[in-house]
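The values are calculated or read from the model by the stated rules, or taken from the named source; none is laboratory data. Predicted, not measured: the structure shown is a model, and the values here were computed from it. Backbone-built Cβ (ideal geometry, glycine too); neighbour counts: all protein chains shown. Note: areas computed on protein heavy atoms with side chains; ligands, DNA, RNA excluded. Shrake-Rupley method; radii C 1.70, N 1.55, O 1.52, S 1.80 Å.
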Amino acid sequence: MKILIEFYDRSTLKNLVAALGICPDIIKYFYDPNVFPYREIYSTYSACKKYIPNLSYEVGMINSHDYENITEALTSYIQNFNGDEIFIDLTGGSELTVIAAYDAAMHSGCHVYFTDISKNSIINLRTKKEQYRSMPFDIEDMIDASGGRLIGCTDSGFLKDNRSSLYNMAYYILNHNTNWLKTCQYFQKHNVRLRQNKTLHFRAPREQHKNDPKTLPDMDFLYELSHQRLITHLSENTKEISFDYKNSTIIDNVSSFGVWLELYTYYQVIDISQLHDVHTSIKIDWNAHDQIEIIGNEIDVTAMYGCRPVIISCKQSKSPIGAEVLNELYVVSRRIGGKYAIPILVTMSSMKTKHLGIYLKAKEMGIHMLDVHDILSDNYKTKLKRIITGQDN
């Protein structure tokens, strides 16, 4: 029987990776009740059990500031098992806990491990060699282990079935981003009726605003939507336009100014072979235990690089990014993956040349930034890949 001893940590990854690599029969969590509530431990166990169906768990309490208390709790537990393999993971817990655990492990002859999470490498500290690697897991598992739950995301089947049309439309809109704003506002106003009547048929008058010779909507966008078969039966005259949306999701997309940068980025990321579990527009409720569904965060694009979460925020506006955007991305990426998360901000603003102060602030915070020149370049995907895989350092 394999028994893994874990020291519960604020970092979700420190609690997950060794367990999903060693795959024990029993996992023993030692935790300080003055720091962590019991329900957080059960959430982590449940996330592990998804991949190790026969996994059992036990819980022990320690005072993370008392060396003798930690050593005694460990020694007492280890002595109860004869002939079983006992693994001690030193990745989580306080510094004092790690020292006490290492001392107890060396005296008892247990297997001792440390996990290099950035490399997904579980190292045997007696042999100094990698012995295990974690099985692949998803960002939903990390959210579950944190006591939250994934409420939803854009349907992957829809994104796959409409890939060419959505990608090409996104590329077109991003290359005409300034003109798209007014046309999008036009559709935001008139699409309300479609939702109320539950119809896909659009019919509305053309509009002209003061001091603007152009009428709305800009027909070039309608022609492109028709060309990409996102709308059908397009008809126009001097007074009105009409057409049919392909489905209700396209109504939502045409009514959203910023979704197109998300889609364009999603299709770049999903083609990076080193990544898995790629999603767009995920919604998170951070308290799965209160039976109340509240969206705590919505993240534009996410992926997993090994066991490290990639968190991408997309800002399609040409306006400069403020410090509040950096703070929001920093907080949510830390909450999901701690220091191992890879936060990326992509923006249609010229941040690197015209707003250098915010760009440098992002670098200080460990946030990678790509601006309009990167997005519209021929190697946007390569730039994303180099950031995620650490080749951009």
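Quick check: is even one residue across the range 144-163 among the acidic types (Asp, Glu) and crowded, with 17+ Cβ neighbours inside 10 Å?
Within the range 144-163, one or more residues are among the acidic types (Asp, Glu) and crowded, with 17+ Cβ neighbours inside 10 Å.
Quickly run through the range 332-357 and pick out the residues that are of a type in the set (A, V, I, L, M) and exposed (fewer than 12 other Cβ atoms within 10 Å of the Cβ).
Leu356
Any residue at all in the range 34-52 that's open to solvent by less than 60 Å² (accessible area, probe 1.4 Å), β-branched (Val, Ile, Thr) and more than 28 Å from the chain's Cα centre (by Cα)?
no
Given the conditions (1) open to solvent by less than 60 Å² (accessible area, probe 1.4 Å); (2) over 15 Å from the mean Cα position of the chain (by Cα), report the number of the one that Ile292 does not fulfil.
Only one criterion in (1) open to solvent by less than 60 Å² (accessible area, probe 1.4 Å); (2) over 15 Å from the mean Cα position of the chain (by Cα) is unmet by Ile292, namely (1).
Kindly indicate whether any position in the range 202-211 is surrounded by 18 or more Cβ atoms within 10 Å (Cβ to Cβ) and among the acidic types (Asp, Glu).
no
What's the number of the only condition in (1) in a helix (DSSP H, G or I); (2) touching a Phe, Trp or Tyr at 6+ places or on another chain (Cβ under 8 Å); (3) open to solvent by less than 20 Å² (accessible area, probe 1.4 Å) that Glu224 fails to meet?
(3)
Go through the range 57-142 and tell me which strands (runs of 3 or more DSSP E), entirely inside it, have 2 or more residues that are free of Cβ contacts under 8 Å to residues at least 60 places away in the same chain.
By residue number, 111-116, 121-124, 129-132.
How do the helices (runs of 4 or more DSSP H) wholly within the range 279-364 filter down when requiring 3 or more residues that are under 24 Å from Ile139 (Cα atoms), touching a residue at least 24 places away in the same chain (Cβ under 8 Å) and not basic (Lys, Arg): which remain?
Passing ranges, in order: 323-337.
Checking the conditions here, which among Ile99, Ile139, Ile88 is within 30 Å of Gln274 (Cβ to Cβ) and either over 31 Å from the mean Cα position of the chain (by Cα) or of a type in the set (Val, Ile, Thr) (or both)?
So the residue among Ile99, Ile139, Ile88 that is within 30 Å of Gln274 (Cβ to Cβ) and either over 31 Å from the mean Cα position of the chain (by Cα) or of a type in the set (Val, Ile, Thr) (or both) is Ile139.
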